[in-house]
Structures are given as C-alpha cells and as structure tokens.
Amino acid sequence: MKVIKTTLRQIRRTPYQAISAIAVLTVTFFVGTIFALVAFGSQVILKHFETRPQVIAYLKDEVTPEILNPLKNQLESTNKTEEVRFVSKSEALAIYKESVGDDPLLLGTITDLSAVTADILPASLEISVTNPEYFPEIVEILKNSDLVDTNSRGEKDIDFPQDVVSELTAWTKGLRLGGLTLIIALLFSSILTITIIISMKIGHRRFEISTLKLLGANNSYVATPYILESILYSFTGALFGWLFSYIAFLYATPFLAPRLAGIITLPPSPLFMFEVLIGALLTALLLGLFSGSLAVGRFLSRR
Amino acid sequence: MITLDQVTKTFLTGDTVLEDVNLDIKPGEFVVVTGPSGSGKTTLLRLIYKDLDPTKGTITINGQDITKLSKKAIPQLRRHIGYAFQDFKIIPDRTVWENISLTLDILRIGDKAINDRVKHLLDLVGLPTKAHLFPGQLSGGELQRVSIARAIAHEPDILLADEPTGNLDQEATYKIAELLKQINSFGTTVILATHDPGVIKKINARCITLENGKIKNGSSNNQPSVSPKKDDKQKHTDKSTENKKDSQEKSKLKQDK
C-alpha cells in the first residue's frame, strides 16, 4: 500500500520525533497496563473476600440441623443474606485439614496431644450477606440466639471480618480512582505529544500539502498518512508498554504469588495477557485516531 | 467549455485585479493570455482553477458554475484541470518520477498504469534519463518540464500554464512552447499566461490581452494588442519592474487567501 509507504517515509525522515512519541506512549501504556492489571487483581481479591462466609457463628455442641432451622429461617427471611449454611463438626474437620495441608504438627499427629478430631471442632453457621452494611443486623440476630456458643470472655462466639472487607473496599475504590486519574493524565499528555509532533510535521510540510491540494487531492488523501503515523506511534507504544508490564509482572511473580495464593494465579496466563494486549491495541487505535485527527483537522478546513 | 461572465476580482486590500471580464473558450482551443505583470493573468488562471473566488460574476466550466462549488467538490474539479505553476511547485524531497506520478496517485490509479504513464510523459517532455533525480539536481527548464508533465499526467481536459517560460533561456522557452502545442494537438484545451512575445509568436494561437484587469482585445491570431518592441536594455529594466510587480501581486494574493 502506497499510503503506508508514504507514512513510513515520513517517520524515517524525523526519527527523533518518532522516538520521543513512542517513548511517551510506552510509558503511558506501561503504567496503564499495570494499573489495569492491579485494578483487575484488586477486584478479584475483593470478590474473593466478599464471597467467603462473612459471618461465622460457632454453635453449641448439642445443636443439630433440625434445632437450627428456626434460626436459619429467621436469617433468610431478612432477605439480606446470600447464603446461610450449616457446617457440621465433621465438615469443620475437613475444612481444617484442607487449610493446614499435610503439616503433621498442625494435624497433631506428632505431638503429645492426640490427633485433631471432629469432636474438638465446633459446628458453625456460615452466613454470606448481600452487602457488608447488613452485618450489624445479622450479628444482632445471632447474638440473641441461644444456639450460638459463648467464648472464654463470655461473649457470643461470632466472627465477622467487617473491617477487613470495608478496608479492602476502600482500598480498591482508592486504587481505581487513583489509577484512573493517572491514566487520564497520561492519556492527555500522550494526546498532546502526538498532536504536537504531527502538527510540527504538517507545519514542516505545508508546501507539500498545499501542492497536493492544488493537484486535486482531497482531505482524506492528505490526512491519511498523518493519521496512520499517529496510530503507528500509539500501536508501537502500546506494544512496548504491554511487553514491559508483562515482564514486570513475571519479575514480581515470586514475590506476589505466595501472598495471593488461592486468590489469583500468578503469573497471569498468556491468554489473559493476550486479551490485555488486544485491549491496549484498541485503546492505542482510538488514541492515535483521535490525536492524528486533531492535528490534521485544522489544516483540512483550508482550501 | 469555459465561460467567464462579468467576472470581477477585488482583493481584501481593495485592489481590483480583474474587472467585468467576459471570456469564452471552446474545447480544444489554445488561448494565450498576455499582458504586463500585474494585469491579472495569474488571477484569471487561479479563478478558473478555483484557487480564488470571484468577487462578482460567474465562471462556468462544461456547463457547471464553479463559483457555487462546495469546498468538498473542488478536488473533483481540479482533477479535470492541469496546472503548470509559475513557481513549478515541485516537491523538493521527491524524485522527478514521484512528482509526476503524484496526480495519478491522487486519482488512486494502479502502479502499473502509473509506471507506463510516467515513462511516456518523461519521453514526451524529454527527460527520460532524469526520472530518479531530485528537483535540486535539475535546471529551471527541466523543472518546468516536470511541472508540465505532472499537470498533464492525468490527461486533463484543460491545461493552465502560468508563465511556464518565465526564467528560461530561449532554447528552453521554445521547447516548452512546442510541448504545449503538442499537448494541445492531443485535444487538451490550453490556456497559457505569458508576457513573452517570442512565445506568443511561436504558439500562433488566439491571444487575449489583459490590461489593468480588463480584456483589451481577444484576437483570433497571434497578435497581442500590446507587443512591446524594446531594446535589450529596456527589456532588462522592464524585467526588474515586472518582478517587483509579481511579488506585489503574490503578496496581494496571499493576503486574500
């Protein structure tokens, strides 16, 4: 295609402008990709905590599922719970074993104490609420129930990680907002950089453009190489930015993977990263199209 | 084919360059527009090319009033007209080949057809060996021939040639004149703006003389109404005055744009 040849020739003639445009866009897309991945990751972490049982009430030893039914129904009738689940002693043991793995110390098999059995673990009622705001109401119902056991301090034995979830929600929101602000600022500076570079090129080639128009070239003929050039800068920047962010994640994997085990699988799968690349390239396409059009727009209106 | 009806052009500076000009040019005709510098020759060509709009009057090409053309339709009009510019307007960082092929590329013509056509044009203008040279490597006469080749590359119905022999020596001037006659013989309507009596005589075509923005005569032969016969010294003085007037006219045109 001749238009691509023209575009490449224009880039070759001003290599330093091309390098600076690509460098700015690489930084934009590097930070953009990192923030997109962090925002996505924090969303997954939040979801993970939100979908886990949020309120756990430990029950007295004599409580059976039948005895528990009225309390269960009372909780469900509030319409503020997602799930109310009875966990028996044997299920509790299974969960415990799964969480400690094969550690013989925690399983009690090599200590003087006898091995951990179902008897020493309490049955419980695990409740997921539809919104963390409903915690107090649900906890209040549980506190008033005689079926819930009391702890050594004489208080009802109820666990609910309200603070953790609220804190996490606040962090996620802050992260998203901060990331978004930064990305908008970087996008703005990228648009400005491309627009200035393309405008400089147009200014430099004003004679050529006016001659082309005098020879009967329409606006699209004149503008296309410049818009393509702008898109090419964005694409290259997006590709490098994506590549560097992928490398950064691979580099950070040994540190992050054990801390996020069970929540996020690290490093991200190649398919997921490919999807991120497609997203980055689409953004680059829009960015290049917008910046290029902005730069050539005012010249197109001339005869 | 081309009709100018009561055309007046006044620039923003208040200078009236053309006043109530009436002109009819038939298809395939060769018309020489002559007159002293600043008489409105270039303005007349630019009006036909819709590089300028008249202040008053209408310009009709093939039955279409081009004064009413929208901006978007201008490229389409220009694709039927070739323009050999007085200052050549050859793009300096493109080769002769690339410059000539520009008009064809604008029309999105295929590479093979462009190659054949450019080769033919280079032969026609006598530059077959200069295809891959850059404008800086050519003489004025060669540049003018490139400009003409580019203007006729797309086989336009009309060729406007603005002082194509402006700064050329006699031999180059005659070559250009011959070339224009040859192009006209293919059926292209040629409008040549010149104040070179030698060219007017050589071309032997209908001659229109402009003076102070008005048509002084519209003869059907090669006799301009003002045919200055001056000695060389006087010609030299006139040339300097003309150059000054040219720059004044160009600056007026720029202001108007």
Query raised in the report: For chain A, modelled as a GNM with alpha-carbon contacts under 10 angstrom, which of A:99, A:42, A:220 fluctuates the most?
Result: A:99
Report summary line: Per the 1/(1 + (r/R0)^6) rule, R0 = 25 Å and r from the Cβ atoms of residue B:56 and residue A:206, FRET efficiency to 0.05 is 0.20
Requested in this report: Figure the gain on full extension for residue A:275 and residue A:85 (residue separation times 0.36 nm, minus the Cα-Cα span) and round it to one decimal in nm.
Outcome: 64.7 nm
Query raised in the report: Based on the alpha-carbon gyration tensor of the stretch A:126-268, what equivalent-ellipsoid semi-axes (square roots of 5 times the eigenvalues) come out, in whole Å, largest first?
Result: 60, 19, 12
Report task. May I ask you to sort A:28, A:283, B:8 by Cβ crowding, counting other Cβ atoms within 10 Å and putting the fewest first? Result -> B:8, A:283, A:28
Report summary line: Residues other than residue A:72 with Cβ under 12 Å of its Cβ, Lys/Arg counted +1 and Asp/Glu -1, net out at -3
Requested in this report: At q = 0.06, 0.07, 0.08, 0.11 Å⁻¹, work out log10 I(q)/I(0) for the protein assembly as shown with the Debye formula, treating every Cα as an identical point scatterer and leaving solvent out; two decimals please.
Outcome: -0.54, -0.62, -0.70, -1.03
Query raised in the report: So what J values fall out for the stretch A:7-15 if you push phi through Karplus, 6.51 cos²θ - 1.76 cosθ + 1.60 with θ = phi - 60°, rounded to Hz, Gly and Pro as x?
Result: 4, 5, 5, 4, 5, 4, 6, 10, x
Query raised in the report: Running Debye on the stretch A:2-59 with equal point scatterers at the Cα sites and no solvent, what base-10 log of I(q)/I(0) appears at q = 0.12, 0.17, 0.18, 0.25 Å⁻¹?
Result: -0.57, -0.74, -0.78, -0.96
Query raised in the report: So if R0 is 35 Å, what FRET efficiency would residue B:132 and residue A:16 give, r being the distance between their Cβ atoms, rounded to the nearest 0.05?
Result: 0.80
Report summary line: Given a Förster distance of 45 Å, the FRET efficiency implied by the Cβ-Cβ spacing of residue A:77 and residue A:247, rounded to the nearest 0.05, works out to 0.25
**Report entry** Cα centroid of the stretch B:1-56 to Cα centroid of the stretch A:184-260, whole Å
**Finding:** 45
Query raised in the report: How high is the relative contact order of chain A, in percent, with contacts defined as C-alpha pairs under 8 Å that are six or more residues apart?
Result: 30
Query - About the Cα centre, charge dipole magnitude for the stretch B:1-138 (Lys/Arg +1, Asp/Glu -1 at Cβ), debye - result: 380
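All of the numbers you see were taken from the coordinates with simple rules; none came from a lab. Computed from a predicted structure; not experimentally measured. Quick reminder, even Gly has a Cβ in these numbers, built from the backbone with ideal geometry, and neighbours come from all protein chains shown.
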